[in-house]
Amino acid sequence: MVSFTGSTNTGRAVMADGSVTLKKVFLELGGKSAFLVLDDADRAGACSMAAFTASMHAGQGCAITTRLVVPRARYDEAVEAAAAT
């Protein structure tokens with residue numbers, strides 16, 4: 001079995017190469033998902049959850065949030081909450 005996490009273009013090449021010998025191929029393709037934290041959210045809880053989900057499965061998943069987007073005025077608070085996780 002071939003398992004690959006990465007870009008769609010490289011995934012196509014992996015699938016094509018694996019198909020020649022009928023290999024089982026597991027692909028996790030796509031971009032990086034953003035975790036949005038708005039002003040009225042429980043920022044400490046949300047930032048902590050964002051840090052946790054980013055580290056699940058070593059970040060190898062198409063739906064794992066790997067970018068934390070917070071209001072600029074809350075940046076330091078978000079970094080502190082994520083680092084405490």
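Where a number appears in this text, it was derived from the coordinates with a stated rule and is not lab data. Since this is a predicted model, take the numbers as computed values, not measurements. Quick reminder, even Gly has a Cβ in these numbers, built from the backbone with ideal geometry, and neighbours come from all protein chains shown.
Among the residues of region 2-40, those that are closer than 30 Å to Glu77 by Cβ and over 21 Å from the mean Cα position of the chain (by Cα) comprise Asp39, Asp40.
So that you can scan it fast, the table gives a plain yes or no per residue for (1) closer than 24 Å to Ala83 by Cα; (2) touching a residue at least 12 places away in the same chain (Cβ under 8 Å):
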position: Gly6; (1), (2): no, yes
position: Asn9; (1), (2): no, no
position: Ala16; (1), (2): no, no
position: Ala34; (1), (2): yes, yes
position: Leu38; (1), (2): yes, yes
position: Ser48; (1), (2): yes, yes
